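Reviewing the structure listed below.
The values are calculated or read from the model by the stated rules, or taken from the named source; none is laboratory data. Just so you know, these numbers come straight off a predicted model, no measurement behind them. Virtual Cβ from ideal backbone geometry, glycine too; neighbours counted across all protein chains shown.
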Amino acid sequence: MNGNVLIEVNGLKKHYNKGTVKALDGVNCVVHKGEVLVIIGPSGSGKSTLLRSLNLLEIPTGGSILFDGVDITDPKTNINLHRQKMGMVFQHFNLFPHMTVLRNMTIAPVKLLHKPVAEAEKKAMELLTRVGLADRANAYPSQLSGGQKQRVAIVRALCMEPEVMLFDEPTSALDPEMVGEVLDVMKELAREGMTMVVVTHEMGFAREVADRVIFMSDGVIIEEGSPKEIFESPKEERTKNFLKCVL
Amino acid sequence: MVSVVLHGSFLVYPEVKINKRKGMVISMTVISTTAITDWFSSSLADFGAKLQMVFVEEDRYQQMIRGFLNTLQITAGALGVGIIIGIVVAAIRSSYDKNKESLKLRGGVGYHILRILNLICRFYLTVIRGTPVVVQLMIAYLIIFASSKNGVPVAIFAFGVNSGAYVAEIFRGGIMSIDGGQFEAGRSLGFNYLQTMWHIIIPQMFKAVLPTLCNEFIALLKETSVAGYVGVVDLTKAGNIIAGRTFNYFIPLFTVALVYLALVVILSWLVGRLERRLRRSER
């Protein structure tokens, strides 16, 4: 089991204002290779903070995160190298508006992995073809719809060939009719065996795709288990209340 | 105003005024046209002679050209120096503002280095923005580079350091206006802070600040007119020298003014074109 662990979070804390606000208050969890872990919970529960801590976009105030067995919270660790192996998809896409879709996708592999431009572009075109956007390679982000932007954001992260993909509410900023196309890409990714950590409000997606679901509230993990356990027979009162509201 | 020609030698200007008490008043001004043409042709010849005296005699036009080239050289040089200083200072200042909390949490020396750099930058901004550019120029020429015989490089240095302070704050404003998500996207791909700045933030920032930056460049171009204080013959100084030699102030000073105006118009036009080009991605 241990050789199978990709990320291990131990006693993670994120306190603001000298401890009066506790976004994360001692979180322990693991992410196994090849699994899809979905984090759910009410807003302000700390689920986004937890996800963003995994690649240190948020610096935790306590605890540790082991990625591939290396403690990335240690100041001596070169976090930039580890981030290359952790793809991230944001709620607001965060595509680079001054670059074409193709350049958005190739800049990191070319500058960081020193791939030849032609090779990076070939890989990017393959990925774009898979998500049905090959014809938009030379468009600028402002010319794309929300769903298209998010699909580009996903394949941009994939261009770095990451070991894990982190999704921070990837469909929350989308018009309802565009949610499906993004979820479809994520489902396909899951089928291919990509390790994924997903913060989402899409309970349907969690139920269908997740291997494991974590329910968070007030900065701690309240309950975790298979989608079946969480959605059909939740043990904790707070989980039940939350699910009653969203289902 | 309508002019009517009478008898071939008089001009009549009818002028209509509305007066509260008297109602409409039409007054006529009659000027002899021969007087005008006489005045005009004589002053034209006079003007030609003055131009000849001001620019051609003793090859004074060459002084004007030298001054013009010096002004261009100082402005272009100071622009370059200012942009480099501006980018560095703005990067340090905005990096400190954005990252001090997380760096403090990360521990290590990074936070302290950045804090000291930020203090140095703030000191620089305060001093440069708090003192007149002429004083800075004279300090540079007469104290810092007292051994220098050539004023132009010293002027480039002084105006560059001065402009850098203003450019830095323009750039900092631009950097702070870029959505934080752009930083996060860059960092999450594995770019370090400087790479994210260089590839992702600065190109967007530059587009955002271009109109303000253009303003600063126009101001800089005109500010270089005080270079004469340290013995540099720039455009203004050249005009002034010629005016002093020929006792004609009108022609040299208006020529100088027109050249500055033309330069500013050309610069604004070029920046406008650049702006349109950069806006391509916003279609």
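Observations on the model:
Yes/no per residue for (1) within 19 Å of B:T196 (Cα to Cα); (2) surrounded by 14 or more Cβ atoms within 10 Å (Cβ to Cβ); (3) in the same structural domain as B:A155 (by TED's automatic domain parsing):
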site	(1), (2), (3)
B:T75	no, yes, yes
B:I84	yes, no, yes
B:A90	yes, yes, yes
B:S94	yes, yes, yes
B:L103	yes, yes, yes
B:I113	no, no, yes
B:L119	no, no, yes
B:T131	no, no, yes
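- Residue among B:G244, B:G272 that alone is farther than 27 Å from A:S142 by Cβ and surrounded by fewer than 16 Cβ atoms within 10 Å (Cβ to Cβ): B:G244
- Residue satisfying condition, being farther than 16 Å from B:A219 by Cα, surrounded by 19 or more Cβ atoms within 10 Å (Cβ to Cβ), touching a residue at least 40 places away in the same chain (Cβ under 8 Å) and not hydrophobic (A, V, I, L, M, F, W, C), within set B:Y124, B:Y166, B:Y141: B:Y141
- Qualifying residue in segment B:144-162 (condition: assigned to a helix (DSSP H, G or I), touching a residue at least 24 places away in the same chain (Cβ under 8 Å), over 30 Å from A:I65 (Cα atoms) and within 14 Å of another protein chain (Cβ to nearest Cβ)): no
- Count - residues of segment A:103-112 that are over 15 Å from A:I154 (Cβ atoms) and either hydrophobic (A, V, I, L, M, F, W, C) or facing another protein chain (nearest Cβ under 8 Å) (or both): 4
- Tabulated pairs, segment B:198-210, first within 11 Å of B:R279 (Cα to Cα) and more than 10 Å from chain A (Cβ to nearest Cβ), second among the charged types (D, E, K, R) and surrounded by 21 or more Cβ atoms within 10 Å (Cβ to Cβ), C-beta under 9 angstrom, 6+ apart or interchain: none
- Test result for A:K115, more than 10 Å from chain B (Cβ to nearest Cβ), of a type in the set (K, R), crowded, with 16+ Cβ neighbours inside 10 Å and over 21 Å from A:M186 (Cα atoms): yes
- The strands (runs of 3 or more DSSP E) located wholly in segment A:1-72 that include 1 or more residues which are closer than 16 Å to A:M216 by Cα and at pLDDT 90 or above occupy A:5-16, A:21-32, A:36-40.
- Of all residues in segment A:58-85 being among the hydrophobic types (A, V, I, L, M, F, W, C) and farther than 17 Å from A:K22 by Cα, the one that is nearest to the other protein chains (Cβ to nearest Cβ): A:L81
- Of all residues in segment A:190-247, those that are part of a loop (DSSP other than H, G, I, E, B), crowded, with 18+ Cβ neighbours inside 10 Å and touching a residue at least 24 places away in the same chain (Cβ under 8 Å) total 5.
- Residues considered: A:M99, A:M165. Of these, the only one that is at the interface with chain B (Cβ under 10 Å from one of its Cβ atoms) and aliphatic (A, V, I, L, M) is A:M99.
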